[in-house]
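What follows is a set of notes on a single structure, which appears directly below.
The values are calculated or read from the model by the stated rules, or taken from the named source; none is laboratory data. Predicted model only: the values in this text are computed from it and were never measured. Cβ: placed from backbone, ideal geometry, glycine included. Neighbour counts: every protein chain shown.
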Amino acid sequence: MKILDELKLKVRAASGPNGVADYFHVLLMEGALKTVQGIVRDRPETLAALLPVVANPEASMNVRFGAGAVFESFAGTPALAALVARLGELSAHADARVRADACHYLGLAGSNDGRRFLEARLLDESAEVREIAADSLAELGGGDHAAIIGTQADQLVPTERTRRHG
């Protein structure tokens, strides 16, 4: 990490509880993805500072995509696995975009500890969240969750078939 980046990081971290998160948000907004990746690579504990970006459904697309790229570059690492419980909380967020992203990152974490959060999302009201949860469970290994989604989705929303037969 460059000395200037290290100093900026320390100043932001000292500025308050969301200092590093705010710094990452600005960097991603400016398109400085490689800088954020470099900081997280050198200081893996700072990966958690991207969680407020994930939790913010109003974050701009380039910031959300940037955060996603950082999480993807740390797939299967202890740094991402350490965030499973917090990602699990986000998987129950009120906004479907946040739930979908959290489910994707839970799959990337590669930890079976994320399985219970993903299984809970198989009954999500959002089809996209259900699909991403099933895909993430498949990444973790296991049964055919896509088939389960179809069966369980019928329980959530009455379909023409269930109205006629049930």
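The range 53-94 holds helices (runs of 4 or more DSSP H) entirely within its bounds, and those carrying 3 or more residues that are surrounded by 14 or more Cβ atoms within 10 Å (Cβ to Cβ) and under 11 Å from the mean Cα position of the chain (by Cα) map to 61-73, 84-90. For the range 104-113, indicate whether the set of residues that are under 21 Å from residue 134 (Cα atoms), of a type in the set (Ser, Thr, Tyr) and part of a helix (DSSP H, G or I) is non-empty. Checking the range 104-113: at least one residue is under 21 Å from residue 134 (Cα atoms), of a type in the set (Ser, Thr, Tyr) and part of a helix (DSSP H, G or I).
Per-residue answers, yes or no, for (1) farther than 23 Å from residue 106 by Cβ; (2) among the aliphatic types (A, V, I, L, M); (3) touching a His at 6+ places or on another chain (Cβ under 7 Å):
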{"site": "26", "(1), (2), (3)": "yes, yes, no"}
{"site": "29", "(1), (2), (3)": "yes, yes, no"}
{"site": "32", "(1), (2), (3)": "yes, yes, no"}
{"site": "42", "(1), (2), (3)": "yes, no, no"}
{"site": "50", "(1), (2), (3)": "no, yes, no"}
{"site": "56", "(1), (2), (3)": "no, no, no"}
{"site": "74", "(1), (2), (3)": "no, no, no"}
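Would you mind finding the one in 24, 117, 71 that is farther than 21 Å from residue 140 by Cβ, aromatic (Phe, Trp, Tyr) and free of Cβ contacts under 8 Å to residues at least 60 places away in the same chain? Residue meeting the stated conditions: 24. Filtering 21, 79 for residues that are modelled with pLDDT of 90 or more and among the small types (Gly, Ala, Ser) leaves a single hit, 79. Residues satisfying the criterion are present in the range 98-109 (criterion: under 10 Å from the mean Cα position of the chain (by Cα), of a type in the set (D, E, K, R) and at negative phi).
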